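Please read the structure below before turning to the comments.
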Amino acid sequence: MVTALGAMGGPPLLRPSESMRRSAYTALRYTIESWTIGPKQVWPKPVDVKAIRTRVKMSQAAFSRAYGTSKRALQEWEQGGRQPDSAARAYLTVIAKEPALVRRVLAGE
């Protein structure tokens, strides 16, 4: 039997304070977030393809050969006829940051 003194005459049952509820909620939220599998999804930002190609000082033909892209797609991206998809934007972002590294990796070095 539960009374104001608690179960079986033990210590009285206490109601949690607001700060205790907030702390418990924060701990629970942290625990649930830590169970999330894998990284959060990130969408690559729009890229200026011509600026990237110009920065690495390559013609369209040389850029397409060096990085394995279609010359036609490169032309369409630069002229605004088409936008690179998210995978291409991610790849172009890496090329913009580390062009020599990407060439070495693609060459198998």
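The values are calculated or read from the model by the stated rules, or taken from the named source; none is laboratory data. On a predicted model such as this, the values are computed, not experimentally measured, just so you know. Backbone-built Cβ (ideal geometry, glycine too); neighbour counts: all protein chains shown. Only protein heavy atoms, including side chains, enter the accessible area calculation; ligands, DNA and RNA are left aside. Shrake-Rupley method; radii C 1.70, N 1.55, O 1.52, S 1.80 Å.
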#### Entry: Unmet requirement for A87, which otherwise passes all of (1) surrounded by 11 or more Cβ atoms within 10 Å (Cβ to Cβ); (2) out of contact with any Asp or Glu (no Cβ under 6 Å at 6 or more places or on another chain)
(1)
### Task
Considering only segment 54-84, state which residues are among the polar types (S, T, N, Q), open to solvent by 60 Å² or more (accessible area, probe 1.4 Å) and in a helix (DSSP H, G or I).
T54, Q79
### Some residue of segment 34-46 being touching a Lys or Arg at 6+ places or on another chain (Cβ under 9 Å), open to solvent by less than 90 Å² (accessible area, probe 1.4 Å) and modelled with pLDDT under 95
yes
